Amino acid sequence: MPDSDLTHDTMSPRREVAPSPAPAPLKLHVPEPAVRPGGTPDFSNIRIPRAGQVDRPSVDVDPEAIRDLAFSVIRVLNRDSEAVGPWAGALSDSELLEGLRHMMTLRAFDARMQMAQRQGKTSFYMQHMGEEAVSCAFRKALLPGDMNFPTYRQAGLLIAGGYSLVEMACQIYSNTHDPLKGRQLPVMYSSREHGFFSISGNLATQYIQAVGWAMASAIKNDTKIAVGWIGDGATAESDFHAALVFASTYRAPVVLNIVNNQWAISTFQGIARGGSGTFAARGLGFGIPALRVDGNDYLAVHAVAKWACERARRNLGPTLIEHVTYRVGAHSTSDDPAGYRPKTESDAWPLGDPVIRLKNHLIVRGAWSEERHKQTEAEILDTVISAQKEAESYGTLHSEQRPTARDMFEGVFAEMPPHLRRQRQEAGV
Amino acid sequence: MTRRTMIEAIRDAMDVMMSRDDGVVVFGEDVGYFGGVFRASQGLQAKYGTSRCFDTPISELGIVGIAVGMAAYGLKPCVEIQFADYMYPAYDQIVSEAARLRYRSNGQFTCPLVVRMPTGGGIFGGQTHSQSPEALFTHVCGIKTVVPSNPRDAKGLLISAIEDPDPVIFLEPKRLYNGPFDGHHDRTVTPWSKHDLGEVDDGHFAIPLGSAAIRREGNAVTILAYGTMVHVAETAANETGIDAEIIDLRSLLPLDLDTIEASVKKTGRCVIVHEATLTSGFGAELCALVQTRCFYHLEAPILRVAGWDTPYPHAQEWDYFPGPARIGRALIETMEA
């Protein structure tokens with residue numbers, strides 16, 4: 001085939017090029033959030049479609065055909081607290097009430113543990129305020145044996161999975177009943193039985209491990225799937241990109257979640273996202289179906305999770321989900337957001353509060369009332385306080401009741417090698 | 001018993017373990033169809049299928065990262081990093097994840113994986129195909145580090161590594177793949193087919209991790225070495241005529257300190273040899289352990305012969321490499337002290 005004119009033109013050495021003007025000095029672009037402390041919160045740049053507007057494709061859809069889902073937001077609950085559109089309708093009243101209880105329990109537990117940290121009963125805590133729907137709703141789409149590779153803000157996976165609040169508190173207190181023997185920072189839980197992989201605390205490292213776990217399940221012709229979790233900020237790590245490459249190449253039965261809560265400690269999501277329209281759009285280059293979901297909408301998160309899990313279970317490969325939400329609280333007990341964002345920003349967050357939204361929906365359905373909600377809130381607080389008290393009877397961080405120094409030497413290897421035995425002797429434990 | 005090169009012995013170890021345990025999976029860059037750039041996995045994909053032996057994208061962090069997930073699931077990945085020099089992107093997955101998973105989850109999740117990496121120089125590989133990063137692994141709690149020096153050990157140690165319940169870094173001195181390199185780069189290497197240690201047992205046999213081997217008995221001085229330097233040290237002992245005892249450590253962690261201690265107490269002298277750079281190298285650890293254990297038996301300061309503290313050069317490879325002449329000078333120095 002002869003060269004086209006264009007190619008010929010571009011390639012021709014005889015073509016005369018006009019001399020460029022002297023180059024202007026280059027300037028570095030550093031993204032900035034719309035508002036800083038003292039300013040008026042502004043989320044006008046976040047495009048939020050009306051609930052029920054986004055199509056629900058079949059799970060075996062060609063990823064190319066749903067590229068637009070990476071730029072929209074799947075929402076079920078509308079302003080009148082009704083469940084609308086093709087993603088609505090999967091959950092019964094009792095399932096929704098259970099979901100509400102899970103979120104309320106997580107919120108109450110957070111409040112108590114946050115206070116316990118302030119009282120010096122532990123060193124550190126991380127709460128979920130505003131993000132409760134993401135992990136609580138997702139958990140209900142999983143089956144026994146599936147494995148989550150969570151970050152530190154998905155304790156809803158444990159609570160909605162029936163894990164004991166006492167054990168959670170014991171881990172936070174690093175006491176004699178801490179299932180992890182005081183070796184891990186508070187909230188870095190682990191429970192194989194509850195499909196909750198040991199939290200590393202290093203960001204992003206576990207995203208690729210979720211892909212490996214899923215590949216192992218496929219290698220063994222098992223039926224279990226894996227679920228990876230990452231925050232908006234940590235998507236910048238190489239591990240995120242490696243996970244997408246491997247998940248795409250081997251069509252791993254994995255669901256890869258990005259929890260975009262707008263803030264990575266003090267860094268707004270634009271720093272990690274760069275020029276890309278959305279975090280979900282990162283999946284498109286890998287041929288991975290990518291969806292964005294209203295992370296403060298319990299019904300929407302659950303519906304999208306079900307869709308993605310079914311894809312994985314039917315050997316259709318990975319799905320990338322961006323949960324659009326907002327971190328209402330501080331990053332951790334060591335952080336104060338007043339230094340980097342307006343104090344009232346969370347009130348302006350356009351997707352509302354996940355607990356209130358589900359509560360209002362249940363009221364609209366005729367399955368709930370303000371009185372019952374208040375009553376349940378009080379019951380849950382009692383349950384949480386009694387779990388906390390039981391945990392405290394086994395000790396708190398600075399009490400006498402804590403894992404022994406001997407425990408510190410155990411479990412580095414399956415069998416203690418001679419050099420560690422000598423060191424334990426030297427320590428006199 | 002079959003005569004094998006080190007590559008053949010390594011391949012045989014993986015073959016034996018893949019046939020005994022269908023949880024053993026082998027993967028890495030060029031590892032599947034082609035069988036690896038050094039051909040260590042040749043034929044394994046054809047024999048065990050693509051889900052047991054496969055090619056991966058060029059991502060060392062990805063290779064080790066998925067291996068951690070697979071090991072946590074219950075498989076036994078035996079993965080290849082094409083050159084140890086390329087392992088740095090995977091280092092976080094090794095140090096923060098594989099090494100600590102058992103500890104931080106209190107045994108709920110474990111990480112029985114093997115990371116094989118060709119190590120060391122002597123092939124004109126320049127700075128990206130010659131490094132010896134063993135001390136970066138021995139400094140990490142929760143992983144074992146193994147360096148074989150011959151085909152027989154390579155097979156027996158690799159089988160132990162794959163059977164081990166914890167992560168193992170398996171460093172293969174690439175200069176030894178075809179024969180016991182004696183340190184004289186201008187001479188032809190004797191092939192393993194003409195060497196006793198090229199005689200490798202067939203089928204399953206394991207050499208426990210943490211047991212050293214005495215390669216040459218002697219009474220004048222103890223040489224502590226591993227990998228390629230075992231053979232180079234032997235040349236130096238032969239050429240100087242010094243009655244050196246050479247201990248091949250085989251496994252750096254766990255370390256067979258008892259064998260080391262017994263030998264140094266017998267000879268009263270100790271020279272430590274490694275290819276890796278000197279400062280903060282594994283030799284420093286050995287030196288500290290020997291002086292603590294054997295101080296009152298020592299007749300001379302412990303000496304270390306190692307790679308110079310420069311990046312691994314290309315044209316100057318044989319100026320850099322701690323060859324028989326440098327080791328010989330150290331042996332004479334310790335004897336004269």
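None of the figures in this text is laboratory data; all of them are computed from the coordinates on show. Everything quoted here is computed from the prediction, not taken from an experiment. Every residue, glycine among them, receives a Cβ derived from its backbone with ideal geometry; neighbour counts consider all protein chains shown.
Figures for the structure shown
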read-out	value
Averaged over A:411-420, number of beta-carbon atoms from partner chains that fall within 10 Å	6
Candidates A:Pro49, A:Pro150, A:Pro418: whichever shows maximal mean-square fluctuation once chain A is modelled as a Gaussian network with Cα springs under 10 Å	A:Pro418
Over chain B - Rg/Rh using Cα atoms and the Kirkwood inverse-distance radius	0.96
DSSP-defined antiparallel bridges as percent of all bridges, region B:213-336, nearest 5	20 percent
Residue-averaged beta-carbon neighbours from other chains (10 angstrom radius) around A:197-205	5
Antiparallel bridges, percent of DSSP beta bridges restricted to region B:2-200 (to nearest 5)	10 percent
Mean separation of Cα contacts under 8 Å, 6 or more apart, over the residue count of region B:2-200: relative contact order %	25 percent
Dipole-positive endmost among B:Ile162, A:Gly395, A:Asn360 within the protein assembly as shown (Cβ charges, Cα centre)	A:Asn360
Angstrom value of the Kirkwood radius, inverse mean 1/r, which spans all Cα pairs in the protein assembly as shown	28.9 Å
Kirkwood Rh in Å, taken over region B:2-200 so that all alpha-carbon pairs contribute	16.8 Å
Residue-averaged 222 nm ellipticity for chain A, from DSSP H runs of 4+ at -39500 (n - 2.57), nearest 500	-11000 deg cm²/dmol
Cα pair count fraction exceeding 21 Å, expressed as % - region A:149-243	37 percent
Against the rule of thumb 2.2 N^0.38 Å, how large the Cα Rg of region B:268-337 comes out	1.18
Listed residue (A:Asn221, A:Ser164, B:Ala206) projecting farthest to the positive dipole end of the protein assembly as shown, Cβ model	A:Ser164
Helix B:6-20 vs. chain B, principal-axis angle (Cα, 0 to 90°, nearest 10)	40 degrees
Counted charge near B:Leu298, where neighbours are those whose Cβ lies closer than 13 Å (Asp, Glu -1; Lys, Arg +1)	+2
Chain B, helix-only ellipticity at 222 nm - DSSP H runs n ≥ 4, -39,500 (n - 2.57), divided by all residues, nearest 500	-9500 deg cm²/dmol
Peptide A:172-183, shielding by other chains (average Cβ, 10 Å cutoff)	2
Equivalent ellipsoid, region A:107-158 (semi-axes from 5 times Cα gyration tensor eigenvalues, Å)	25, 11, 8
Trypsin sites (Lys or Arg not before Pro) within region A:269-316: DSSP coil, no more than 14 neighbouring Cβ in 10 Å	A:Arg314
Cβ charges +1 (Lys, Arg) and -1 (Asp, Glu), total dipole of the protein assembly as shown, debye	1020 debye
Simple Cβ-charge dipole of chain B, Lys/Arg +1 and Asp/Glu -1, about Cα centre, in debye nearest 20	340 debye
Percent of beta bridges antiparallel (DSSP, chain B, rounded to nearest 5)	20 percent
Rg/Rg_ref, chain A, where Rg_ref = 2.2 N^0.38 Å and atoms are Cα	1.11
Residue pairs, from the table B:Lys76/B:Lys265; A:Lys181/A:Lys306; A:Lys140/B:Lys47; A:Lys181/B:Lys144; B:Lys76/B:Lys266, whose Cα atoms sit over 30 Å apart	B:Lys76/B:Lys265; A:Lys181/A:Lys306; A:Lys140/B:Lys47; B:Lys76/B:Lys266
GNM result for chain A, Cα springs below 10 Å: residue of A:Leu381, A:Leu91, A:Leu165 fluctuating most strongly	A:Leu91
Relative contact order (%) - chain A, alpha-carbon pairs under 8 angstrom, separation at least six	23 percent
Relative contact order computed over chain B (Cα-Cα under 8 Å; 6+ residues apart), in percent	16 percent
Additional length obtainable on full extension of the chain from A:Gln425 to A:Ala18, 0.36 nm per residue less Cα span	138.5 nm
Cα-only radius of gyration and Dmax that characterise region A:272-343, units Å	15.6, 47
Under 25 Å from B:Lys194, Cα to Cα: lysines that are on another chain or at least 8 residues apart	B:Lys155, B:Lys174
Positive-pole candidate from B:Pro313, A:Ala24, A:Gly38, dipole of the protein assembly as shown, charges at beta carbon	A:Gly38
Approximate spin-label separation B:Ala337-A:Asp336, in nm, with each point projected 7 Å along Cα-to-Cβ	5.8 nm
Net charge dipole size for chain A [Lys, Arg +1 and Asp, Glu -1 on Cβ; Debye, nearest 20]	480 debye
